[in-house]
1. Got a sec? Which strands (runs of 3 or more DSSP E) wholly within region 45-111 have at least 2 residues that are touching a His at 6+ places or on another chain (Cβ under 9 Å) and not polar (S, T, N, Q)?
2. Among the listed residues ALA135, ALA162, which satisfies the condition of being of a type outside the set (D, E, K, R) and modelled with pLDDT of 80 or more?
3. Mind checking which residues of region 203-218 are over 15 Å from GLY184 (Cβ atoms) and small (Gly, Ala, Ser)?
4. Quick check on ALA90: is it buried (at least 20 other Cβ atoms within 10 Å of the Cβ), aliphatic (A, V, I, L, M) and modelled with pLDDT under 90?
5. Hey, among the residues in region 121-138 that are free of Cβ contacts under 8 Å to residues at least 60 places away in the same chain and either touching a Phe, Trp or Tyr at 6+ places or on another chain (Cβ under 7 Å) or within 17 Å of ALA50 (Cα to Cα) (or both), which one's surrounded by the most Cβ atoms within 10 Å (Cβ to Cβ)?
6. What is the one condition in (1) modelled with pLDDT of 85 or more; (2) within 30 Å of GLU52 (Cα to Cα); (3) part of a loop (DSSP other than H, G, I, E, B) that ALA203 does not satisfy?
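The values are calculated or read from the model by the stated rules, or taken from the named source; none is laboratory data. Quick caveat: nothing in here was measured; it's all calculated off a predicted structure. Virtual Cβ from ideal backbone geometry, glycine too; neighbours counted across all protein chains shown.
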Amino acid sequence: MTTATRQKAEEKAETLPPVMGLHGKIALVLGEMERVAKTGWNEGQKYKFAAEGDVVDMVRASLAQHGIAYHVTMTGEPRLEPITSAKGTAGDRCHVSLRFTLTDADDPDDREVTDWWGYADDYQDKALGKAITGAKKSYLVARFLVSTGEPEPDGAGEQRAAHSQQAAEVHPDSRPMTDTRRRGLFALAREKGIDAEFVRLSARLMTRTRELPHGVSLSEFTAGQGKALEMMLHDWDARPATWDDRMGKLAAALAEQAEQTAASAAEPAPPEPATEPEPEDHKPTCTCGAGADAPADQHEESCSMAIPF
C-alpha cells in the first residue's frame, strides 16, 4: 500500500464511527483495496502479472490496521501426480488444500474459516511452493476483491486462468470432462467410502450460481471442474462443516423440481379448438331451361344464372 493510499485510509477511518465485529472490520478492509500493479513478468510466455507479494503487502497492511489476524494452515497432505510437457519433459502437478482463518483481535471467538484448494505444475522441484503461493494469492484476491486488471494467467506455475499460449488453442481444463475421468471420480469415492449421491450433490454445490441455483450436473463438467472435485474427494474429511447440511437442502430442492416436472408431464394436453368445415364451392344451376352452358344474357331474368355469380 502506497503512502498516499495509507494516508487516505487513515483520514477515512477518522471520519467513520467505530465498527464492532469481524465482518464490520472486513467491510472497511474491502473499501481500502485498490488495483494491484502488474510488477511480475513471465519470461516463458511473455506477459505481466500481479505478483503474490504485491497482493499480500496491500492486504496485510489493511488487516493489521483494523485488528484482523490472518492465519493459514494445510489441512491435508500435498498430492503429487506426474505430468509430461508437450516437449516430453517430466514434471509434477501438486494439489494442496489450505484453511484460511481471519480472527477479530478484539474478540478472538469471532472468526471466519475458509477451506481453499489450489494446484500448480512444475518441471523441477518447486510444484509444492508454487501451489501454496497460487492458492494464497487467489484466496486474498477473491476474499478482499483485489483488482488485478484484465483476466490473464498469474505467475509461472501459479493458479492459472484458463488461457492458452495461443489464442486459438483451447485450454485442456476448458474441455469437457471425459467419461474415463468421470468413472475415476466414482471409483475414488468408493475407495474413500463416499456415497455416489454425495459426489453428484457436491458437483452441483461447487457450481451453484444465482443463474444456476441447482448447479451443473457431472455430465456437463469441464476437465478443470473435475480436477477441483477430485481434490475435494481426496480431502473429504476436511470439507466445510456446513457441507452436509447444504447437500441435504439441495437434494430436497432437486426432488421438488423433479416432482414439478413429472406433474407437468402428467397433465393432459388442452384440446385443440374446433374448426368449422370450409364451405363447399357453390355453383348456380339453370332454372329457366336455357342450360348451364348458355351465356347469362340468354337466361330469363328470374333464372339464377342470369346474374353473374
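1. 79-84, 90-104
2. Residue meeting the stated conditions: ALA135.
3. Step one: filter region 203-218 for residues over 15 Å from GLY184 (Cβ atoms), giving 204-217.
GLY215, SER217 - these are the residues of region 203-218 that are over 15 Å from GLY184 (Cβ atoms) and small (Gly, Ala, Ser).
4. So ALA90 fails the test.
5. The qualifying residue surrounded by the most Cβ atoms within 10 Å (Cβ to Cβ) is ALA131.
6. (3)
Results for (1) aliphatic (A, V, I, L, M); (2) closer than 30 Å to GLU81 by Cβ; (3) in a loop (DSSP other than H, G, I, E, B); (4) in contact (Cβ under 8 Å) with a residue 40 or more places away in the chain, shown as yes or no for each residue.
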| position | (1), (2), (3), (4) |
| --- | --- |
| GLU197 | no, yes, no, yes |
| THR209 | no, yes, yes, no |
| HIS214 | no, no, yes, yes |
| MET232 | yes, yes, no, yes |
| ASP245 | no, no, no, no |
| GLY248 | no, no, no, no |
| LEU254 | yes, no, no, yes |
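Residues checked against (1) modelled with pLDDT of 85 or more; (2) surrounded by 15 or more Cβ atoms within 10 Å (Cβ to Cβ):
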| residue | (1), (2) |
| --- | --- |
| ALA196 | yes, no |
| ARG208 | no, no |
| GLU220 | yes, no |
| GLY224 | no, yes |
| ASP237 | no, no |
| ALA241 | no, no |
| MET247 | yes, yes |
| PRO268 | no, no |
